[in-house]
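Below is one structure, written out as structure tokens; comments come after it.
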Amino acid sequence: MERNRSDVKTRRPPSGAAVQRPALTAALCRALFEEWARTGYAALSLERVAARAGAGKAAIYRRWSSKRDFASEAVAMTATDLTTIPDEGDLEADILAFLRALRRVLRHPLVRRILPDLHAERARSDELAPLLDGVTEARRRRGQDILERAIRRGDLPSSLDRELALDLLPSPLYWRIVVTRRRITVPELRRQARVLATALRAADLRM
């Protein structure tokens with residue numbers, strides 16, 4: 001027996017607060033970074049973030065329970081993590097690929113302003129420590145891949161002090177772009193890669 005159409009309940013998508021539109025989520029994250037870069041994390045106002053995104057503050061709290069959670073997820077959703085560094089078959093070439101990828105991240109104007117503020121907040125309180133640790137760990141994983149490949153190839157000794165080497169890899173580029181706010185060209189990147197590879201091969205970096 002055919003059912004009457006009026007007896008069939010038509011499912012409708014939820015509306016209102018139940019829907020979290022991806023476009024609005026992206027707009028809120030962009031607004032967060034813009035306000036963060038302008039004021040610093042400590043003075044960051046979620047009301048101003050929402051207004052910049054063309055939304056109400058409730059749109060933020062439907063997605064995140066706190067400013068810290070908002071900031072942590074927004075950073076995780078961005079391209080602050082380095083992509084996998086391909087195996088170039090040579091330590092210097094691998095380091096150059098690492099530096100190119102890192103330069104793409106650090107050249108973003110908002111990243112250049114937010115990263116120093118992250119470190120400053122870390123010095124003032126531990127609220128953002130997990131966020132900063134996550135950003136640092138993601139970058140160090142890529143460097144670790146390079147070092148382990150070089151050790152397997154015999155390009156670096158197995159006794160290498162990996163922690164010290166991982167500190168060295170990004171430091172000149174970070175200093176140049178974020179601290180001194182200077183441009184760095186591809187030939188300069190190549191020179192950094194050559195110097196770093198030479199230092200890692202020649203120096204006794206054992207504990």
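The numbers here are math on the coordinates, done by the rules we state, and not lab data. Keep in mind that this is a model prediction, so the values were computed, not measured. Cβ coordinates were reconstructed from backbone atoms using ideal geometry, including for glycine residues, and neighbour counts include every protein chain displayed.
Quick notes
- The packing ranking, built from the mean of other Cβ atoms within 10 Å per residue, places the peptides 97-108, 159-170 in the order 97-108, 159-170, highest first.
- Residues in the range 190-199 carry Karplus couplings, in order, of 4, 5, 4, 4, 5, 5, 5, 5, 5, 5 Hz; the curve used is 6.51 cos²θ - 1.76 cosθ + 1.60 with θ = phi - 60°, and Gly or Pro positions show x.
- Put in line by how crowded their Cβ is, counting other Cβ atoms within 10 Å and starting with the fewest, I177, I95 read I177, I95.
- Value at 222 nm in deg cm²/dmol, rounded to 500, when DSSP H runs of n ≥ 4 in the chain each add -39,500 (n - 2.57): -19000 deg cm²/dmol
- Cα gyration tensor, the range 19-67 - rounded (a/c under 1.5), prolate or oblate: prolate
- In order along the range 168-184, the Karplus-derived 3J(HN,Hα) couplings, from 6.51 cos²θ - 1.76 cosθ + 1.60 at θ = phi - 60°, round to 6, 3, x, 4, x, 5, 4, 4, 5, 7, 8, 7, 8, 6, 10, 6, 9 Hz, and Gly and Pro are given as x.
- Net charge of the neighbourhood of A193, taken over other residues with C-beta under 13 Å away and scored Lys/Arg +1, Asp/Glu -1, is +1.
- Neighbour-count ranking [beta-carbon atoms within 10 angstrom, fewest first] of V195, V49: V195, V49
- Percent RCO, i.e. relative contact order, over the range 19-67, from Cα pairs under 8 Å lying at least 6 residues apart: 35 percent
- Residue-by-residue Karplus 3J(HN,Hα) for the range 135-144, coefficients 6.51, -1.76, 1.60, Hz, glycine and proline x: 4, 5, 5, 4, 5, 5, 4, 5, x, 4
- Each Lys or Arg adds one and each Asp or Glu subtracts one; over the other residues with Cβ under 11 Å from the Cβ of A27, this totals +2.
- Neighbours of P172, meaning other residues whose beta-carbon lies under 13 angstrom from its beta-carbon, give a summed charge of +4 when Lys and Arg score +1 and Asp and Glu score -1.
- Cα lying deepest toward the dipole's positive end in the range 91-202, options L189, F98, S159, charges on Cβ: L189
- Taking every C-alpha pair closer than 8 Å and separated by at least 6 residues, the mean separation divided by the residue count of the chain gives a relative contact order of 21 percent.
- Global form of the range 91-202, assessed from the alpha-carbon gyration tensor, a/c cut-off 1.5: oblate
- Label selected from [x] 1.32; [y] 1.15; [z] 1.01, the criterion being Rg/Rh (Cα atoms, Kirkwood Rh) as computed here: [y]
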